[in-house]
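Below is one structure; the comments refer to it alone.
The values are calculated or read from the model by the stated rules, or taken from the named source; none is laboratory data. Just so we're clear, the structure is a prediction, and the values are computed from it rather than from any experiment. Don't worry about glycine lacking a Cβ; one is built from the backbone with ideal geometry, like all the others, and counts go over all protein chains shown. Please note that ligands, DNA and RNA were not included when accessible areas were found on the heavy atoms of the full protein model with its side chains. Shrake-Rupley method; radii C 1.70, N 1.55, O 1.52, S 1.80 Å.
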Amino acid sequence: MPAPPAPPASPAPATPSRSAQPSLRERFDALRNLPPFLRQIWAASPGLTLTSLGLRLVRALLPVTMLYIGKLIIDEVVRLAGAGVAPADLGAAWQAGLLDHLAWLVLLEFVLAVVSDLLGRVVSYAESLLSELFTNATSVRLMEHAATLDLEDFEDPELQDRLDRARRQTVGRMNLLGQLFGQAQDTVTVLAFAAGLLVYAPWLILLLALALLPAFIGESHFNALGYSLNFQWTPERRQLEYVRQTGASVETAKEVKIFDLHRFLIGRYRTLADGFYRANRALARRRAAWGTLLAALGTLGYYVAYAYIVWRTLRGDFTIGDLTFLAGSFRRLRQLLEGLLVGFSQVAGQAMYLDDLFSFFAIEPEIRSKPDAVPVPRPIARGFAFENVGFRYPDAEHWAVRQLDFELRAGEVLALVGENGAGKTTLVKLLARLYDPDEGRILLDGRDLRDYDLDDLRANTGVIFQDFVRYHLTAAENIGVGRIDAMDDRARIHDAAHRAMADEVIDGLPGGYDQLIGRRFRTGMDLSGGQWQKIAIARAYMRDAQVVILDEPTAALDARSEYEVFRRFKELSHRRTAVLISHRFSSVRMADRILVLDQGRIEASGTHAELMAQGGRYAELFELQAAGYR
């Protein structure tokens, strides 16, 4: 098994200088993310969205209605008490119908309480379904968009951070749905309570707003600090996940045990986790201290208003029922306004997180089809021509390949050899248009590769890299992914397996082609490295493409098996254009032509016999390898 990548070096603790704290303007600007967010929610299910909003609107009016009914009940009780209805006379009063009005009020309040609870449960049910639909739809969109991005993007650590944050927002922003809908519901309730207060004492509204404003500003400030902290620590959180996966996975278990790596990995994990914990703890302490102080101002405002209402009641301006209604309204209004202000701050904070999601969707690939793209020729007549092609990876100092001038003729089997880092894999990635050249151009049948439809070009290209994917699917599906539209074509899958000599591997599995392979799932059965590689090669044959590229896919096979695979590959490549890369010279010698690469440039070209006669690097490497078998 190849050694796992070395864990990243211990990072310095995150500091505010690593990512500037969002300004107040930036926080408000982030609210622009809410309309597209709401459009996505609507698209997920218009019916559930309307159901939730409609029921919340009805529920928003129930608190003020129930509080007002409570006022009427108290006033009715006071009236009955003033009329001389004593507890001992309740039976007679009931018979006389004196308690009918009170009974109807109590029954109405009971019914409204039941309805409010029922509506709350239905809303919760509807929004849980809506949340699930939104998460599924956004996850699909994320995968679809990721599939359009360039390979170069996925090799950029900064984009990896953005992808990680976007993936988190896909499943982590649905509480924003409840908050937004809850904000709308509470706004309606606030307006209803405010209308009641305006009738009795309008200035109480102003007092309430002044008391709650400091808490809103404080909450907004700390929400921004929380976003800034999470943004700063994105690389470290990715490292945490990497170390956790490395320390407990089937892929790394052997080396972790042999090299006794668990203490090192645990230590690294603790270092990262403790740093993130300390940063969160410091922010939580400051938030709690300031939150307590600012909330006290809101409490003070409530009791000033409460004292005023009691004084007016003692003067006879308000009834006992009015006192109850006004005190309850002011208390509920304070709670609702505080919730709205704090909720608005939290919504603004979460809208900043939505930036991570929508900014990822805004990334546009550079490698794409032109509007007037043409289909790939069928069949390819002349082949490919590299004209002064050069390519350099982003931020790299040296060119990966440069001044490549050669032809890959239609129906030719071309082998690429060279030491590690010579540019072999980069060359085939350019051929498959996973990258575009920075210099020069690549022609297919005399036309620039960029003129062809990208999907059609890749549909006509079958590539198996050394680091091929081991899909934890059935054996048939592992081969079928080579051509998705033929996934259910068992005859084609069997033929591809036979070509790659994977049929004998699959025949030995308990479930045959329906056997789940890999150790990730309980019923899965793992394969050896060589067996996995035969499955991967069958995937390339499944594609039945005009151009087939094997980039060292047989590294785990023994020399005899590799020779047999390449011999069959040569036979099956009849009328196909093929490129193969291998470090075993006994295999590449059967190619029609061999290119020798060194430091990204073509050093020599010819058949095996011609290159041996020249006595250059190819002959030197061949003799060194041959000596190892003597």
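Each peptide in 118-130, 587-599, 512-524 was scored by the mean count of other Cβ atoms within 10 Å over its residues; highest first, the order is 587-599, 118-130, 512-524. Distant-in-sequence amide contacts of His472, defined by a placed amide H-H separation under 5 Å and a gap of 5 or more residues or a different chain, comprise nothing.
Judged by the mean number of other Cβ atoms found within 10 Å, the most tightly packed of the peptides 377-383, 478-484, 534-540, 188-194 leads the ranking 534-540, 478-484, 188-194, 377-383.
Extension gain, Asp317 to Val77, is 84.5 nm, computed as 0.36 nm per intervening residue step minus the present C-alpha separation. Packing order of peptides 133-143, 366-376, highest average first: 133-143, 366-376 (average count of other Cβ atoms within 10 Å over each peptide's residues). Using θ = phi - 60° in the Karplus curve 6.51 cos²θ - 1.76 cosθ + 1.60, the 3J(HN,Hα) couplings for the stretch 452-465 round to 8, 4, 5, 5, 5, 4, 6, 5, 9, 10, x, 10, 10, 8 Hz; x is entered for Gly and Pro. Here the Karplus relation 6.51 cos²θ - 1.76 cosθ + 1.60, evaluated at θ = phi - 60°, turns the backbone of the stretch 311-326 into coupling constants of 4, 5, 5, 5, 6, x, 6, 10, 7, 4, x, 4, 4, 5, 5, 5 Hz, with x for every Gly and Pro. For the stretch 45-80 versus the stretch 460-520, the spacing of their alpha-carbon centroids is 61 Å.
Surface composition of the stretch 487-538: carbon and sulfur make up 45 percent of the accessible area, probe 1.4 Å.
Converting phi to 3J(HN,Hα) with the Karplus coefficients 6.51, -1.76 and 1.60 and the offset θ = phi - 60°, the stretch 393-398 yields 5, x, 6, 7, 7, 10 Hz in sequence order, with x at every glycine or proline. List every residue whose amide H lies under 5 Å from the amide H of Ile594, counting only residues 5 or more places away in sequence or on a different chain, with H placed 1.01 Å from N in the peptide plane. Result for Ile594 returns Ala415, Gly606, Thr607. Summarising the amide proton neighbourhood of Val463: residues at separation of 5 or more, or on other chains, whose placed amide H is nearer than 5 Å comprise Ile549. Take the stretch 415-564 with all the other protein chains still there, run a 1.4 Å probe, and you get 42 Å² of accessible area per residue.
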